[in-house]
Amino acid sequence: MPNLILHLAKCTVFLLIALLATTLACWFTPAGNDYQRELNDLASAAAHRPALKPAETAFNNAYYWFAKSALTAHPKDAQQALAAFATATNTQPVSAELLLLKASFNLKWHRIPAAKADLAQLGALSNDPRVQILHADIAVQEGDYPAALASYTQRLNHQRNWDTLARLAYLRAKLGDPKTADELYIAAEAELSAKDMRAFAWLELQRGYLALSAGDYPRADTHYQAAEHAYSGYWLSQDYRAEWYAAQRNYPAAIQTYLALIACSKRPEHYHALGDLYLFMNQPELAKPWHDAALAAYMAAVQRGETQYYHTLSAFYADTRTDGALAITYAQQDVRLRPNVGTRDALAWAYFRAERYPEAAAEMQRALAYGWQDAHLFYHAAMIFLAAGPTALGQHYLNLAATLNPHYTDFHAHR
């Protein structure tokens, strides 16, 4: 017991020193990277706007927090955006531009009913491409992939732009055509100007993740490097890079990258990922404080009435704290909100963790019916059918998982 206490104390000191070092590095990083410059430019533009009418001022404030929350993906910025939208919508007149922004924001943060309500107020603009794209995005969240595919394709027939090409690429990849998906991402990059380097970096990250999902780590690295060079200081690039390190068991580099992410972004998903990495390394005593911090942030969001962490909480209780009943609770809430392949897979996996195998098999059949091609989905299906039967079907999905990604058992972050 004394040796264990000493070991834990040493681990705690190490973590505190590492976190302090990365925090100081974050604070004293000069505003010389692209990400920090963009944040500074946003703040400067907001600070130097001229005095306007109340509705215009409210719109500009909502736009600032919308743009900042889209850049940082930080829950506190999202809370500020939500408050700014509330103020703006209570300041007459409410413009169509405000409703479009608000619908996009609500969709990103899994506020599907709110996004639908915003779009319902834009009936006169039903043929506006921006409205149609948002309706297609809602279709993706609700599992209507044929409708989304048709809408994206129709929009591209009228006008090519990078973000619609990227949306189509995502669906093509998930529906089993990674080659076409990569070609679409390349086509999206060709639509960008020299000013769109963050968008280029994001597209390269998607191309890298396609490669990572197939177990092609060198090709993933090529795209991740391109993203890092195109737009420096981007937390999302480091998020993908940390997973890449961990998948190849370069644990020191992965830990250091996650610690830097935590110090600079303070997003609970990174606490969660670092905790999962320590579990993967069979070091539960190091995982616990990070998982505790992630759970506290998730639950604080739920208590505020936010819904974006239902999926994460289901995964947390299925794979981290292994409480099948709680995993089911959050997965069911997510399915009610967004009945798609990801939420149904999560519910099936939660039933499996609760040893409710017939229900797990039934829900997994619903998830598989969407036609998604994903190694981790197939691994879940394999485990469920091996437990519930038929076992031959379970073995079939194990083979499919290995075919899609020979390294599917390596570390991966929940996304």
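Please treat every number below as a calculation from the coordinates, not as lab data. What you see is a predicted model; the values in this text were computed from it and never measured. Note: ideal-geometry Cβ built from the backbone for every residue, glycine included; neighbour counts use all protein chains shown.
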**Q.** Value of relative contact order over the chain, rounded to a whole percent, pairs C-alpha under 8 Å and six or more apart
**A.** 13 percent
**Q.** Highest-MSF residue in the chain out of LEU212, LEU71, LEU274 [GNM, Cα springs under 10 Å]
**A.** LEU71
(Q) For the pair THR391/LEU125, report the inter-label distance in nm, with labels modelled 7 Å from Cα in the Cβ direction. (A) 5.9 nm
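Which loop chymotrypsin sites (Phe, Trp or Tyr not before Pro) in region 112-192, with loop taken from DSSP, have no more than 14 other Cβ atoms within 10 angstrom of their Cβ? Don't jump to the answer; show the numbers that get you there.
Details: sites: TYR152, TRP162, TYR170, TYR185; in loops: none.
The qualifying sites: there are none.
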Q) Once fully extended, how much extra length lies between GLN159 and ALA369, figured as 0.36 nm per residue of separation less the alpha-carbon to alpha-carbon distance? A) 72.4 nm
Q) When the chain is treated as a GNM, springs tying every alpha-carbon pair under 10 Å, which of LEU125, LEU259, LEU386 comes out with the largest mean-square fluctuation? A) LEU125
Q) Once phi is turned into ³J(HN,Hα) by the Karplus curve 6.51 cos²θ - 1.76 cosθ + 1.60 with θ = phi - 60°, what whole-Hz value does each residue of region 381-395 show in order, with x for glycine and proline? A) 4, 4, 4, 5, 6, 5, 7, 9, x, x, 5, 4, 5, x, 5
Q. Quick one: putting +1 on the C-beta of Lys and Arg, -1 on the C-beta of Asp and Glu, what dipole do you get for region 307-415 around its Cα centre, in Debye to the nearest 20?
A. 200 debye
Q) What nm value, rounded to one decimal, do you get for the distance between ILE186 and THR329 when each label is placed 7 Å out toward the C-beta? A) 4.9 nm
Q: Run the dipole for the chain about the Cα centre, Lys and Arg Cβ at +1, Asp and Glu Cβ at -1, nothing else charged, and hand back the magnitude in debye, nearest 20.
A: 580 debye
Q) What are the ³J(HN,Hα) values, in whole Hz, obtained from phi via the Karplus relation 6.51 cos²θ - 1.76 cosθ + 1.60 with θ = phi - 60°, for each residue of region 309-324 in sequence order, with x given for Gly and Pro? A) 9, 4, 5, 5, 5, 4, 5, 4, 7, 7, 10, 9, 9, 6, 10, x
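So if R0 is 35 Å, what FRET efficiency would THR222 and ASN40 give, r being the distance between their Cβ atoms, rounded to the nearest 0.05? Write out the running numbers ahead of the final one.
On the way: r = 30 Å, r/R0 = 0.86.
Efficiency, rounded to the nearest 0.05: 0.70.
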Q | Proxy reagent accessibility, fewest Cβ within 10 Å first, across GLU285, GLU189 | A | GLU285, GLU189
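Using the structure shown, select from LYS108/LYS174; LYS76/LYS108; LYS108/LYS288; LYS76/LYS102; LYS76/LYS174 the pairs with a Cα to Cα distance greater than 23 angstrom. The partial results should precede the final answer.
On the way: LYS108/LYS174 19 Å; LYS76/LYS108 15 Å; LYS108/LYS288 29 Å; LYS76/LYS102 17 Å; LYS76/LYS174 31 Å.
Pairs exceeding the cut-off: LYS108/LYS288; LYS76/LYS174.
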Q | Linear extension gain, GLU97 paired with TYR357, 0.36 nm per residue minus alpha-carbon span | A | 88.8 nm
Q. To the nearest Å, what is the center-to-center distance of region 290-324 and region 200-214, using C-alpha atoms only?
A. 27 Å
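Relative contact order of region 356-415, please, whole-number percent, based on alpha carbon pairs below 8 angstrom and at least 6 residues apart. All intermediate terms of the calculation are to be shown ahead of the outcome.
Details: 49 pairs, mean separation 19.4, N = 60.
With pairs under 8 Å counted, the relative contact order is 32 percent.
Using DSSP to call loops (not H, G, I, E or B), can you name the trypsin sites (Lys or Arg not before Pro) in region 205-291 whose Cβ has at most 13 other Cβ atoms within 10 angstrom? Please list the in-between numbers first.
Working: sites: ARG207, ARG219, ARG241, ARG249, LYS266; in loops: ARG249, LYS266.
Passing sites in region 205-291 are ARG249.
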Q.
Within 10 Å of each candidate Cβ there may be at most 10 other Cβ atoms; applying that plus a DSSP loop requirement, which chymotrypsin sites (Phe, Trp or Tyr not before Pro) in region 247-353 survive?
A. none
Q. Scattering from the C-alpha atoms of region 307-415 alone, worked out with Debye: what is log10 I(q)/I(0) at q = 0.15 1/Å?
A. -0.56
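Which value in deg cm²/dmol, rounded to the nearest 500, describes the helix-derived mean residue ellipticity at 222 nm for the chain, given -39,500 (n - 2.57) per DSSP H run of n ≥ 4 and division by the residue count? Provide the component values of the computation, followed by the final result.
Details: 22 runs with 314 residues, N = 415.
When only DSSP H runs of four or more count, the value is -24500 deg cm²/dmol.
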(Q) Just to be sure I understand: with springs between alpha-carbon atoms less than 10 Å apart, which residue in ARG155, ARG304, ARG356 has the highest mean-square fluctuation in the Gaussian network model of the chain? (A) ARG304
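Using the C-alpha gyration tensor of the chain, what are the square roots of 5 times its eigenvalues, in whole angstrom, with the largest one first? Intermediate results must be reported in sequence, preceding the final value.
Values: eigenvalues 223, 161, 100 Å².
Semi-axes, largest first: 33, 28, 22 Å.
Where does each of GLU97, GLU56 land when they are ranked from fewest to most other beta-carbon atoms within 10 angstrom? Kindly include the intermediate steps, with their values, before the conclusion.
Values: GLU97 12, GLU56 15.
Lowest to highest Cβ neighbour count: GLU97, GLU56.
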Q | ALA70-ALA86 pseudo-label distance in nm [points 7 Å out on the Cα-to-Cβ vector] | A | 2.3 nm
